[in-house]
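A short reminder: the numbers here are calculations on the coordinates, not readings from a lab. Predicted model, so just to flag it, every value in this text is computed and none were measured. When we count neighbours, we look across all protein chains shown, and the Cβ atoms used for this are built from the backbone with ideal geometry, even at glycine.
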Amino acid sequence: MSRQSGVSLSRRDFIGTGLVAGIGTALAGPPAAAEPAGSSPPLITKAIPSSGQRLATIGIGTDTFGESARDEIRAELERMSELGASVIDTAAAYGDSEALIGDALASLDIRDKMFIATKLVGSSANPFTPSGAASFDRSLERLRTRRVDLLQVHNLNGVAELIPTMQEWKKAGRIRYIGATTSRVGQHAQMLEVMHNYPLDFIQVDYDRQSRRGRSDPAVRRGAQDRGVGQPALRTRHALARQAAERKLPPWAADIDVASWAQYFLKYVISHPAVTCAIPGSTRLSHLVDNQAAGRGRLPDAAMRRKMEEYWDAKR
């Protein structure tokens with residue numbers, strides 16, 4: 001997924017290759033700032049188009065969660081809740097992630113404060129990994145909850161058979177929002193069809209170098225915007241972080257309340273009008289706290305976004 005070390009990232013790469021899709025919304029409207037306790041900059045929130053529910057703009061991705069990091073994961077989720085964030089993105093296919101999240105939220109008694117998004121497939125090549133209804137039942141058990149906030153069809157595997165069932169689960173209160181995901185550029189045309197045929201609340205698309213340069217990605221984004229469907233949020237990749245570590249932040253970064261490169265990239269992402277929530281992955285508390293700071297204070301406007309792109313391009 002990440003590019004080889006030593007390869008320069010252009011402006012196009014800054015916008016695309018260094019960023020990976022997560023969970024978010026389309027045309028969520030202007031961000032709102034809610035004053036937190038203490039002297040921290042205000043928390044930035046955006047709305048889910050289908051409901052108006054507002055989410056803090058920085059969540060957490062959990063595809064690298066593992067048993068060896070159990071204590072750190074619990075500490076991260078506790079601090080995340082204290083900071084006013086809520087979105088946790090996981091999947092049935094993410095190893096122990098769901099179980100670790102469930103254990104942590106139960107022990108902290110903060111389940112009701114968090115927005116849990118997970119994924120399932122219609123058929124699994126792994127005989128030890130369930131699919132369909134069995135997968136969802138296992139997810140609920142592992143997450144220690146009676147409902148999830150967002151359930152998504154993973155990589156469009158089983159859309160036709162799963163979404164009608166997911167709509168029934170939604171009516172029954174077992175899920176609040178329905179979505180579909182893909183990390184494959186070749187599935188973008190199919191994603192357009194899915195958006196046209198089903199009432200989705202969210203989509204998730206991988207914004208890698210190829211998808212940014214291809215024709216399908218803009219079409220998917222426009223299609224989602226036209227239908228008021230949630231669009232991808234994004235997270236930085238390791239290659240981008242490595243290159244940024246060798247550079248100095250611009251002196252004007254403080255004008256948008258940015259104090260690190262992680263915050264620079266995340267502020268750029270969440271300032272896009274089509275993005276509601278970014279989900280940077282983390283298993284270190286210090287990284288979580290740094291990432292969460294990007295969801296507070298001032299956001300770059302269109303002119304500042306261009307300035308951020310140009311600065312990155314000039315310094316590569």
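Length gained on full extension, Glu246 to Ala302, computed as 0.36 nm times the residue gap minus the Cα-Cα distance: 17.5 nm. Restriction of the chymotrypsin sites (Phe, Trp or Tyr not before Pro) in segment 118-210 to DSSP coil positions whose beta-carbon has at most 13 other beta-carbons within 10 angstrom yields Phe128.
Histogrammed with a bin width of 5 Å, the alpha carbon distances of segment 248-316 distribute as 3, 17, 29, 25, 16, 8, 1 percent, first bin at zero. On the principal axes of its alpha carbon atoms, segment 102-204 extends 43, 30, 24 Å, with the longest extent given first. For a paramagnetic label modelled on Lys171 (point 7 Å from Cα along Cα→Cβ), amide N atoms under 18 Å away belong, within segment 128-149, to 133. A simple packing score, the average count of other Cβ atoms within 10 Å per residue, orders the peptides 303-314, 256-267, 59-70 as 256-267, 59-70, 303-314, with the highest score first. Taking R0 as 30 Å, what's the FRET efficiency between Ala254 and Ser123 from their Cβ-Cβ distance, rounded to 0.05? Calculated transfer efficiency: 0.05.
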